[in-house]
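> After the structure tokens below, expect a handful of questions from me.
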């Protein structure tokens, strides 16, 4: 059963707000050692996103379509082109867009298409769906801890030393709000952005 719209939206709003607040603290702590210069390197290549990320992206695309239909259609066109480029190399189910269980195949796929631009990335490296972007996209830059794993800061953005990185590290979603949202959505399997943008919510 699909969750009540208000329930899912409230869960997602709390999840995103928690992420953004933690990352704001990390950014402030890093100070001038962390600079975002509009580099699109993190917007290249397919990577796994959760069902919650996919749902958020589709909501963002629907809002864009209502406000600027031509931009939204351009996003869909780029998503279709990406899926066509994937061909039979997509390590999952083409009908649903869900990734399969083979992690080695997933890594090979990511390497094969590492230079492919994200369908949401417009000219001048602007993200058409920035407010609705996946959690992974939100976490690039500062040092973070996700699900108990410490991830290094982006080497392109962070110019500080290891001590500063460790002192500024923040935990993302320690309350595991994403799990609650996934449970509400009734879907735990991952996909990639191109498929997410062209799938209907079930």
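> Could you tell me which residue of the range 128-141 is nearest to residue 30 (Cα to Cα), considering only residues that are at pLDDT 95 or above and in contact with a helix residue (DSSP H, G or I) (Cβ under 7 Å, 6 or more places away or on another chain)?
Ranking the candidates gives 135 first.
> If you don't mind, there's one more thing I want to ask. Can you tell me which of 47, 36 is under 30 Å from residue 163 (Cβ atoms), modelled with pLDDT of 95 or more and in a loop (DSSP other than H, G, I, E, B)?
Just one listed residue meets the conditions, 47.
> From 106, 166, 190, which residue is modelled with pLDDT of 95 or more and in contact with a helix residue (DSSP H, G or I) (Cβ under 9 Å, 6 or more places away or on another chain)?
Working: 106 fails: in contact with a helix residue (DSSP H, G or I) (Cβ under 9 Å, 6 or more places away or on another chain); 166 fails: in contact with a helix residue (DSSP H, G or I) (Cβ under 9 Å, 6 or more places away or on another chain).
Just a single option satisfies the conditions, and that option is 190.
> Exactly one of (1) at positive phi; (2) surrounded by 13 or more Cβ atoms within 10 Å (Cβ to Cβ); (3) assigned to a helix (DSSP H, G or I) is unmet by residue 87. Its number?
That leaves (2) as the condition not met.
> Considering 17, 26, 74, 22, which residue is over 30 Å from residue 167 (Cα atoms) and either assigned to a helix (DSSP H, G or I) or at pLDDT 95 or above (or both)?
Working: 17 fails: over 30 Å from residue 167 (Cα atoms); 26 fails: over 30 Å from residue 167 (Cα atoms); 22 fails: over 30 Å from residue 167 (Cα atoms).
Going through 17, 26, 74, 22 in turn, just one is over 30 Å from residue 167 (Cα atoms) and either assigned to a helix (DSSP H, G or I) or at pLDDT 95 or above (or both): 74.
> Then there is this: Which of the following residues is more than 18 Å from the chain's Cα centre (by Cα) and more than 24 Å from residue 38 (Cα to Cα): 158, 109, 86?
On the way: 158 fails: more than 24 Å from residue 38 (Cα to Cα); 109 fails: more than 18 Å from the chain's Cα centre (by Cα).
Sole residue among the options that is more than 18 Å from the chain's Cα centre (by Cα) and more than 24 Å from residue 38 (Cα to Cα): 86.
> What residue, of 101, 119, is under 23 Å from residue 185 (Cα atoms) and assigned to a loop (DSSP other than H, G, I, E, B)?
Values: 119 fails: under 23 Å from residue 185 (Cα atoms).
Residue meeting the stated conditions: 101.
> Follow-up. Restricting to the range 122-142, count the residues that are more than 15 Å from residue 48 (Cα to Cα), buried (at least 19 other Cβ atoms within 10 Å of the Cβ) and touching a strand residue (DSSP E or B) at 6+ places or on another chain (Cβ under 7 Å). Let's see the steps before the verdict.
The initial filter retains those residues of the range 122-142 that are more than 15 Å from residue 48 (Cα to Cα), namely 122-132, 141-142.
After this cut, where a residue has to be buried (at least 19 other Cβ atoms within 10 Å of the Cβ) as well, the list is 128-129, 132, 141-142.
Now restrict to residues that are touching a strand residue (DSSP E or B) at 6+ places or on another chain (Cβ under 7 Å): 141-142.
Looking only at that region, the number is 2.
> Would it be correct to say that residue 51 is over 22 Å from residue 125 (Cα atoms) and crowded, with 20+ Cβ neighbours inside 10 Å?
Details: over 22 Å from residue 125 (Cα atoms): yes; crowded, with 20+ Cβ neighbours inside 10 Å: yes.
Taking the combined requirement at face value, the residue satisfies it.
The values are calculated or read from the model by the stated rules, or taken from the named source; none is laboratory data. Note that this is a predicted model, so its numbers are computed, not measured. Using ideal geometry, Cβ is built from the backbone for each residue, glycine included, and neighbour counts are taken over all protein chains shown.
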